[in-house]
1. If you filter the range 20-95 for GluC sites (Glu not before Pro), then keep DSSP loop positions with at most 12 other Cβ within 10 Å, what is left?
2. Run the numbers for Phe48 and Glu334: contour at 0.36 nm per residue of separation, minus the present Cα-Cα distance, in nm.
3. Amide H of Arg314: which non-local residues (sequence gap of 5 or more, or other chain) have their own amide H closer than 5 Å, using H built in the peptide plane?
4. Tally the DSSP beta bridges in the range 3-289 and give the antiparallel ones as a percent, rounded to 5.
5. Based on other C-beta atoms within 10 Å, arrange Asp248, Asp111 from fewest to most.
6. For the range 3-289, what is the charge dipole size about the Cα centre, in debye to the nearest 20, if Lys and Arg each add +1 at the Cβ and Asp and Glu each add -1 at the Cβ?
7. Where does the range 207-258 land on Rg/Rh, using Cα atoms and the Kirkwood Rh?
8. In whole Hz and in residue order, list the ³J(HN,Hα) couplings for the range 193-205 that follow from phi through the Karplus curve 6.51 cos²θ - 1.76 cosθ + 1.60, θ = phi - 60°; x for Gly and Pro.
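Throughout, read-outs are computed from the coordinates displayed, never taken from laboratory work. Since the structure is predicted, the reported quantities are computational estimates derived from the model, not experimental observations. Reconstructed Cβ throughout: ideal geometry from the backbone, glycine too, with neighbour counts over all protein chains shown.
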Amino acid sequence: MPSALPDGDPAPHDGSLPESALAGLGERPLGVYVHVPFCAVRCGYCDFNTYTAAELGSAPGASQASYANAAVAEVRLARRVLGEPPPASTVFVGGGTPTLLATDQLAAVLDAVRSELGLVDDAEVTTEANPDSVSPESLAALRAAGFTRVSFGMQSAVPSVLATLDRTHDPARVPRAVGWAREAGFEQVSLDLIYGTPGETPDDWRRSLEAALACGPDHVSAYALIVEDGTAMARRVRRGELPPPDDDDLADKYLLADGLLGAGGLAWYELSNWARDDAARCRHNELYWTGADWWGVGPGAHSHVGGTRWWNLRHPAAYAERLAAGRSPAAAREVLDAETRRVERVLLELRLSSGLDVAVLGDAGSAQVPALAEEGLVSLRGDRLVLTRPGRLLADAVVRRLLP
C-alpha cells in the first residue's frame, strides 16, 4: 500500500529505499525521466501535471528560469541515494513542453545526469518538443549537448482536429521541424499522433497518417484519445458540445494506422508504437514495459527501483522548496509485493510484440490460453504468448481473462 511521507518522516530519496530495492541495482538497466511541467497553452484533452505561466503566477521556485536548478538538485540526490548505480542507458525529457526551456537549461540537466549518474556510450537521450517550440538553432544546440532523439507532438495534420484539441501549431511546421532535426544530426526522430478526436473523420485520420509518413520518421506513436475526468474536453462532452469517442471508430482507426504504418516500413512493437527497425524503438519506454529501474526527476514524476515505487510532489513551487531545503521532493511511495509485480508484468509485457512468458500466468491464467487462441486473440511463439492483430484491439479484455 502507498505510504505517505509527511514532514519529518524518512523519504525513499533520503536513504530509506529497502535493501531489496538496492540489492539488484545494476542487474537491470537504469533510465532517467525528467519532467518539465510547463506549457504555453493548456490543451483541452490533457490531464498531465503541467502548468501555464498564468497558472503558476509568481510563486517562488515555480518559474521556468529556476526549474533547471531544482532538477539538478534532484539528480544529485539520486546519486546520494543510489550510491554507485549503473550508468543510465536512457534519458527521456518529457512534459509539458521541455523545449520551452532554454537549451542551456536542458543541457545543464543532462550534464548533471552525465556527471552524477553516468551515461552508457550509446545512451538514448530523448526530448519531447512541440513543432512550434523549436528552431534550427535550438535543435542544433540540443544535439550538440548530447540529445540523440527528438519526439514531436504532431497529433494531427488537420487544422480542425488540432483546433478541437487546442493545439496551436501550424501542420506545415511539422515537416520543417523534422527536417531541422535531421540537419542537426539527431539519430532518431519520432512523431506522436492522436486518433478519435471528436469530429475527426476516417479521411482526416488517413490524411494525418500519410502526412506523418511523408516526413520519413523513424518512429510513430499513435494513441487513442481518452477523455479524462477534470479536463476541459470532458466538460465539453458532458455538456453535449462534443460527442464522446466511439469504440468502433477507434478500432477502425487503429487498424488503419497499423496498415498504413506497416506499409510505410514501420512495424508495431508495442500496442501504440511503430518503429523503422529495432534501433528506432524507444528504449526508454521499453524500460517501463519490462519492469526495469528508472528515476523520475521533476514535479509529479514517478520512479521505480527494484520493486519500490515513489512519486514527487506535483506543484513546481512545493517541489523546488523541498529541494532548496535539502529534503526529498517525494510525496508517497509503495513497495510492490510479488503478486502486484506479476500482475503488472502481465499488463505491460502482453502489450509488446515480443509477448509474455506463459509461465508468468500461473495455472489459472494458462488455462485461458487455449480458448483465447481458438478465438484468434493470441498465439503461442515457443513459450511466449503474443497478441494477434484482433487481440490488440481487445487487449484489455484479454488481460482480464488471463488474470482471473
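1. On the way: sites: Glu27, Glu55, Glu74; in loops: Glu27.
Answer in residue order: Glu27.
2. Numbers: separation 286, 0.36 × 286 = 102.96 nm, distance 2.12 nm.
The span from Phe48 to Glu334 would gain 100.8 nm if fully extended.
3. Gly300
4. Details: 6 of 34 bridges.
Roughly 20 percent of the beta bridges in the range 3-289 run antiparallel, per DSSP.
5. Values: Asp248 7, Asp111 15.
The order, fewest Cβ neighbours first, is Asp248, Asp111.
6. Its charge dipole is roughly 580 debye.
7. Values: Rg = 14.0 Å, Rh = 13.0 Å.
We get a ratio of 1.08 for the range 207-258.
8. Result, ordered by residue: 10, 10, 10, x, 4, x, x, 6, 8, x, 5, 4, 5 Hz.
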